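In what follows, a structure is listed as structure tokens, so that the remarks can point back to it.
The values are calculated or read from the model by the stated rules, or taken from the named source; none is laboratory data. These numbers were taken from a predicted model, which means no experiment stands behind them. Counting neighbours? That spans all protein chains shown, and the Cβs are built from the backbone with ideal geometry, glycine included.
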Amino acid sequence: MSRIKLTMLVLGSLLMSNANLYAAPAPEVETQEVSASGDAVGTDKPAPADATTEEAPITRSELQGVRSEIAVLSDQLNRQLTRTIANTNRALLIGGTLQNRFTATTWQNTTPYTNTPGFSFNSAIISLSGNLKKDYEEGKNIDYAVGLSALGTAKTTAAVATTANFQPTDAYLRYSILPSLDIEKPLLYIQFGQQKRPFGVEPQATEDKQPAINLATFSGPSGLNLSQRDVGLQIKGDLFPVVDLGYNLRTPTIEYALGVFNGSGPNQLDTNSGKDFAGRINVNAPVEYNSDFRGLTIGSSFSTGKQDLAGINGGAAITGGTGKASKVRYGSDISYVASPIGFTAEYAVGRDEQAVSGTSIANAVKTTIQSEGYTLTLFYEWGEQFQKDYRSQSRSDDWWPKTYQPFVRYDHWDPNTAVAGNDTTVLTLGFNFFFAQTTKLQLNYTVSDNKSTKIKENDFILQFQYGF
């Protein structure tokens, strides 16, 4: 056997045994034709080796040279695979959302303006999700989701933005309690970790799915802060699903969720011994894809727990008041997400126990402050993306036909219904232009009136949001 043949033989064996490469297809099996007498017909038998054609055996030095060449080629191959291919022990899906903005205040009843026009980077979110245990018989899988978010200059001051780093947003495990392979049967999951609380429609929407650039006031930090994530455990499930196999559509008639949380917000330890309980139930129209009522949902939510006892109207906290004040949230919503006309409407009420007077828990005089907020969004959309013929097609890439979506939103928030003249209203005129399913250009013009601070303001916000 020549040195070249030996090198090729050993190198071929090395490549076939490498776990990072695709296995070569198995050779075809030759068939034999059998005659009536039982003898094989057309079978080629290898000819006996001719002693005169045998090659001289290789020497020890030649064998060492072959081994050295194979070692060099193996090292080069492994280095190339390590540098160009990302490896993971489990299935991993990587995604993300980035938001760039331009904001300008076009009018304000105070001078000078409190907002300076300019460009800003709002946020960057990296999401990782995958499977830790795959159950092929019943679909009782264990999945995970991790989200990392970095606040941009639109949410932080210049000093903080220079040192801002990624912080966890979603970080939870999910286990399917009921079998999930049959989509015509109910589903039931348990989620443990940092996640969205089960309350409302917009508060549960992730950053890339929120309709307007700014959150509704009742859902944001200046309101009841229902959109923030929390650490805890919740059970989510559905009942009586309606399946339209022609359009790969599954619509559960009833969806429900119930969870227990720390109540102190994301990336925080619990501040008191009490826990927050939150739950939601919503009813979907049990119809198939072609029904005019597809996308109609009515829901109700609640949340209750403990918080620090604070002075009335956001005054100084009473010393020693950790976990001594009750907080209750109720919400109801109705949405019709359809084409070309749709709407979403939400209403939320908050009841927070606060101190009227006193310097400690022992002598504090408490009262309950009721707040309320509601929002209504109407939208109209046209374009090929929302047509049934296009929506039912399966695509291997991220391209979808262009779509246009103007909308109008009215937002109202009252932090204390017992006090007159302290509410805030925001009217938003918006336009969303979808380049792809995960990429859109958003234009919002907001007209806000804060009666508590006596500030009226008109703002123009342009945001380009793109996902991968």
*Please enumerate the residues belonging to segment 289-305 that are in contact with a strand residue (DSSP E or B) (Cβ under 7 Å, 6 or more places away or on another chain) and at pLDDT below 90.*
Y289
_Qualifying residues in segment 368-409 (those that are hydroxyl-bearing (S, T, Y), within 21 Å of N225 (Cβ to Cβ) and more than 23 Å from the chain's Cα centre (by Cα)) - the one modelled with the lowest pLDDT_ = T368
*Selected residue (criterion: farthest from F192 (Cα to Cα)) from residues of segment 239-250 that are assigned to a strand (DSSP E or B) and either out of contact with any Phe, Trp or Tyr (no Cβ under 9 Å at 6 or more places or on another chain) or modelled with pLDDT under 95 (or both)*: D244
*Would segment 226-238 turn up any residue that is assigned to a loop (DSSP other than H, G, I, E, B), in the same structural domain as P406 (by TED's automatic domain parsing) and either of a type in the set (V, I, T) or in contact (Cβ under 8 Å) with a residue 40 or more places away in the chain (or both)?*
yes
*May I ask you to list the residues in segment 356-381 that are hydrophobic (A, V, I, L, M, F, W, C) and out of contact with any Gly (no Cβ under 6 Å at 6 or more places or on another chain)?*
V356, A362, I369, L376, L378
*asked:* Return the residues of segment 337-367 that are at pLDDT below 85 and not in a strand (DSSP E or B); say none if nothing qualifies.
replied: A338, S339, G358, T359, I361, A362, N363, A364
_Residue check for A310: without any contact (Cβ under 8 Å) to a residue 40 or more places away in the chain, small (G, A, S) and buried (at least 16 other Cβ atoms within 10 Å of the Cβ)_ = no
